Amino acid sequence: MLGNRLTLSLIPASSESTTVAWMMALVMIAILVVYFREHAKINARTAKSWSAQVHDLHEFTRRTLEMNLRLEPGPQLAELVHDIFALEAAAVFDAELHQVYSAGHWNADPRELAQNVYYFGTSDDDPKTGLGRRVVRLGTVPIGSLVVRGQTSPLTNSAIASLIAIVFDRYRAFANENRIETERRTEQLRSTVLDSLAHAYKTPLTAIRAASTGLGEMGHLSAGQAELVTLIDEQTELLGNLTTRLLTTARLDAGEVTVHAASVDVAPLIEEVVASLGDRLASMKVELDIPRERMVFDCDRQLMVMLLTQYIDNACKYSIFGSTITIRAVKARAEIVFSVHSFGPVIPINDRERIFDRYYRSTTRTNRDSGTGIGLSVAKRVALLHGGSVWVTSDETDGTTFFAAIPAKAHKRVF
């Protein structure tokens, strides 16, 4: 019972601090030393055994501190428990990885035995078979199990299980830190590449646009030639817009974009964006739902144009041909809420959060239209820079609506 109480009281409930966890482990060792010494007075014959187990626990603690946390801890722990405590066999079950790691000689497959300890919550010691079984817990949460066969006391088995829980916790915290750092470096590299590519494309695009304009002004072009020049102009403009978007994305990620807030009238802003997308909206019905009373809010006009352009362009891309795209703006308390509604493929629930992540594309085949997976992430970043938020709703009956809530009064947003 003492072993169980130690396990629950000394192991932290979450990965708050590796240092604190190991301080707790050392406190537990100190308590064990006192406990064994007191029992040694009662039975001098076992004093040597208790002293040895305390020494082994200290050595196990030291060795686990030196473990390579870049590798799975299970195999290392099973070997350490087996070797340090001179056991016949040891098995450690990692529930998160669903793997059983064993060391020593087992008469039967230890996998089922170790998993049963975890799933049925068995923690006991059998003197006849020499088996000690413990659920490995982090606080009150089971995260694995330990099974040993050999000459160890119940209290020692509980201490080993507690120390294993700390190692599992350290390993996961370390893995999480590495993952976050890797993602950060990857995103930094992507932003650098995007910025470099966008700048590299600017010069040839400018030259192509100038040459195309010159051809058009020369006149005396046949109908076919004029059509080709128009096509060059259209595609050059598309490439120019994509390049600008890539540059903005890279600068947003690098924190190089400053919001230049000014008082902007909502209605003219939306009308400007709709007019700029005239060709894209030609095959669609567009409905503007804007209150008659004048609505003004503080924003960076250029950035807000990018956000609304992306929302409306996205609706054009995925809407059913000939259906209606409804663009609304309402004032809700201290925010202006923009929304773009359309009918098209339903966005699955699991995609509705991630769809605003850069490069993420919806998992449904019907949503896999051409695109870079960048636009919605830019829209989200723009909203965040203004202290706002974005979200989406999608339903077969009601259609899909993208929202952006922007504070009416500007305030500095720090990332």
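A short reminder: the numbers here are calculations on the coordinates, not readings from a lab. The model shown is predicted, which means the values in this text are computed figures rather than measured ones. Using ideal geometry, Cβ is built from the backbone for each residue, glycine included, and neighbour counts are taken over all protein chains shown.
In segment 102-152, which trypsin sites (Lys or Arg not before Pro) are in a loop and have at most 15 other Cβ atoms within 10 Å, using DSSP for the loop call? Of the trypsin sites (Lys or Arg not before Pro), the ones in loops of segment 102-152 whose Cβ has at most 15 other Cβ atoms within 10 Å are K128.
Normalised by the number of residues in segment 79-187, the mean separation of alpha-carbon contacts (under 8 Å, six or more apart) gives a relative contact order of 23 percent.
Neighbour counting of Cβ atoms within 10 Å sorts the residues Y119, Y311, Y318, Y171, fewest neighbours leading, into Y119, Y318, Y171, Y311.
Can you give the FRET efficiency to the nearest 0.05 for E396 and A282, using r as the Cβ-Cβ distance and R₀ = 35 Å? In this case the efficiency is close to 0.85.
For segment 50-104, which trypsin sites (Lys or Arg not before Pro) pass both filters: DSSP loop (anything but H, G, I, E, B) and at most 13 other C-beta atoms within 10 Å? Display every interim value, and only then the final one.
On the way: sites: R62, R63, R70; in loops: R70.
Passing both the DSSP loop test and the Cβ count: R70.
Loop-resident trypsin sites (Lys or Arg not before Pro) (DSSP state other than H, G, I, E or B) in segment 288-342 with no more than 11 further Cβ atoms inside 10 Å of their Cβ: R292, R294, R333.
With a simple spin-label model that places each label point 7 Å from the Cα along the Cα-to-Cβ direction, the separation between T182 and H55 comes to 4.2 nm. Multiplying the residue separation of D126 and A175 by 0.36 nm and subtracting their alpha-carbon distance yields 14.0 nm. Summing +1 for each Lys or Arg and -1 for each Asp or Glu among the other residues whose beta-carbon sits under 14 angstrom from that of R63 gives -3.
Taking a point 7 Å from the Cα of E234 along the Cα-to-Cβ direction, the residues of segment 284-305 with backbone N closer than 18 Å to it are 284.
Taking a sphere under 15 Å around the Cβ of G399 and counting the other residues whose Cβ falls inside, with K and R at +1 and D and E at -1, yields a net charge of -1.
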